[in-house]
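Only the coordinates and a few stated rules stand behind these numbers; no lab work does. Bear in mind that the values here come from a model prediction, so they are computed numbers and not experimental data. Positions of Cβ are backbone-derived with ideal geometry, glycine not excepted, and every protein chain shown enters the neighbour counts.
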Amino acid sequence: MLENKIARFQWVLDLLENAVFPNANDLEIDGAIHRFERTYELAWKTLKLRLEHDGITEISSPKVALQKGFVAGFIADESEWLSILRDRNFTVHTYDEKTAREIFQRLPGHLSAFGMLLDQIKRDL
């Protein structure tokens with residue numbers, strides 16, 4: 001099950017990477033943000049499975065998974081992940097054009113953090 005989740009995380013991360021490029025129009029930005037949301041969801045759920053695989057349990061929410069992932073060494077840049085969490089909450093609850101463009105500008109940093117997390121999750125399996 002973990003390997004399947006890792007493969008899906010890799011797949012959506014690749015889709016997100018293909019959606020982030022300069023001079024995107026409104027439709028492309030909307031698509032990239034949707035891919036960002038899917039990548040975030042698979043990131044924390046994959047992290048949760050990896051933590052459980054390693055014997056770390058009682059993960060009741062994405063925030064708890066990220067906190068435990070940081071403590072366990074799967075997440076290196078806590079401030080970037082707090083930014084990812086904030087951006088995900090904005091895209092779901094407060095969507096407007098200005099916010100979308102601001103988040104789109106932060107996606108390259110988020111891509112890097114997602115990639116590092118994926119590498120750490122796959123480590124020593």
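Compared with the dominant principal axis of the Cα atoms in the chain, helix 78-93 is inclined by about 60°. In the frame of its principal axes, segment 39-125 has Cα extents of 42, 24, 18 Å, reported largest first.
Maximal additional length on extending the Asp77-Arg8 stretch stands at 22.6 nm, based on 0.36 nm per residue less the C-alpha distance.
Dimensions of segment 78-125 from C-alpha coordinates, computed as largest minus smallest value along each principal axis and given longest first, are 41, 18, 16 Å. With everything on Cα atoms, drop me the angle between helix 62-71 and the longest principal axis of the chain, reported from 0 to 90° to the nearest 10. That works out to roughly 60 degrees.
When the chain is treated as a GNM, springs tying every alpha-carbon pair under 10 Å, which of Leu16, Leu85, Leu47 comes out with the largest mean-square fluctuation? Of the options given, Leu85 has the highest mean-square fluctuation.
Using the crude model of +1 on Lys and Arg Cβ and -1 on Asp and Glu Cβ, and no other charge, please compute the dipole size for segment 2-122 relative to its Cα centre, in debye to 20.
Working: 15 positive and 19 negative charges, 62 e Å.
Value, rounded to 20: 300 debye.
By the rule of a C-alpha distance below 13 Å, with chain neighbours fewer than 8 residues away ignored, the aspartates and glutamates paired with Lys63 are Glu41, Glu78. Full extension of the chain between Arg86 and Leu27 gives 19.0 nm of extra length, using 0.36 nm per residue less the Cα-Cα distance. For Arg101 and Lys63, a Förster radius of 25 Å and the Cβ-Cβ distance give a FRET efficiency of 0.45, rounded to the nearest 0.05.
What do you get for GluC sites (Glu not before Pro) in segment 1-68 restricted to DSSP loop and a cutoff of at most 10 other Cβ within 10 Å of the site's Cβ? Don't jump to the answer; show the numbers that get you there.
Values: sites: Glu3, Glu17, Glu28, Glu37, Glu41, Glu52, Glu58; in loops: Glu58.
Answer in residue order: Glu58.
Using the rule -39500 (n - 2.57) for each DSSP H run of four or more residues, divided by the residues of the chain, the 222 nm mean residue ellipticity is -27000 deg cm²/dmol.
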